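J.: Quick one: the structure is below, and I'll ask about it shortly.
The values are calculated or read from the model by the stated rules, or taken from the named source; none is laboratory data. Nothing here was measured: the structure is a model prediction, and the numbers come from that model. Cβ sites come from the backbone with ideal geometry, for glycine too, and all protein chains shown count toward neighbours.
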Amino acid sequence: MTTSTEPLTEDDLAHMEHRARRFQGAWTGTSGTLAADVVRLLQERKRLLVLLALKENEPPISYD
């Protein structure tokens with residue numbers, strides 16, 4: 001894995017979730033806590049993408 005400023009691909013995200021879920025049985029300790037946080041962040045990303053898509057489909061606000 002490299003550190004870059006390139007956008008994350010769906011493949012990147014799937015690999016991150018897969019690695020995080022390997023600790024699914026033990027959401028305690030440093031690794032488990034970080035894994036749980038990764039899963040929660042991925043879920044939050046999905047929620048924000050849905051909100052963004054909904055916003056893009058709203059008509060512009062008129063200040064007439």
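J.: Does the stretch 35-55 hold any residues that are exposed (fewer than 12 other Cβ atoms within 10 Å of the Cβ) and more than 10 Å from the chain's Cα centre (by Cα), and which are they?
T.: Answer for the stretch 35-55, where residues must be exposed (fewer than 12 other Cβ atoms within 10 Å of the Cβ) and more than 10 Å from the chain's Cα centre (by Cα): V50, L51, L52, A53, L54, K55.
For (1) assigned to a helix (DSSP H, G or I); (2) in contact with a His (Cβ under 7 Å, 6 or more places away or on another chain); (3) farther than 25 Å from E10 by Cα; (4) modelled with pLDDT of 90 or more, each residue gets a yes or a no:
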{"site": "T30", "(1), (2), (3), (4)": "yes, no, yes, no"}
{"site": "D37", "(1), (2), (3), (4)": "yes, no, no, yes"}
{"site": "L42", "(1), (2), (3), (4)": "yes, no, no, yes"}
{"site": "L48", "(1), (2), (3), (4)": "yes, no, no, yes"}
{"site": "E58", "(1), (2), (3), (4)": "no, no, yes, no"}
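J.: Related question: Would you check if there is a residue in the stretch 7-20 being modelled with pLDDT under 90 and of a type in the set (D, E)? Quick ask: steps written out before the conclusion?
T.: Step one: list which residues in the stretch 7-20 are modelled with pLDDT under 90, which gives none.
Within the stretch 7-20 (the criterion being modelled with pLDDT under 90 and of a type in the set (D, E)), the answer is no, since none of the residues qualifies.
J.: Okay, moving on. Inside the stretch 15-33, can you point out the residues that are loosely packed, with under 12 Cβ neighbours inside 10 Å and under 14 Å from the mean Cα position of the chain (by Cα)?
T.: Scanning the stretch 15-33 gives a single hit, H18.
J.: Moving on to the next point. Can we say T3 is polar (S, T, N, Q), at pLDDT below 90 and part of a helix (DSSP H, G or I)? Talk me through it step by step, then tell me what you get.
T.: Details: polar (S, T, N, Q): yes; at pLDDT below 90: yes; part of a helix (DSSP H, G or I): no.
The answer is no for T3.
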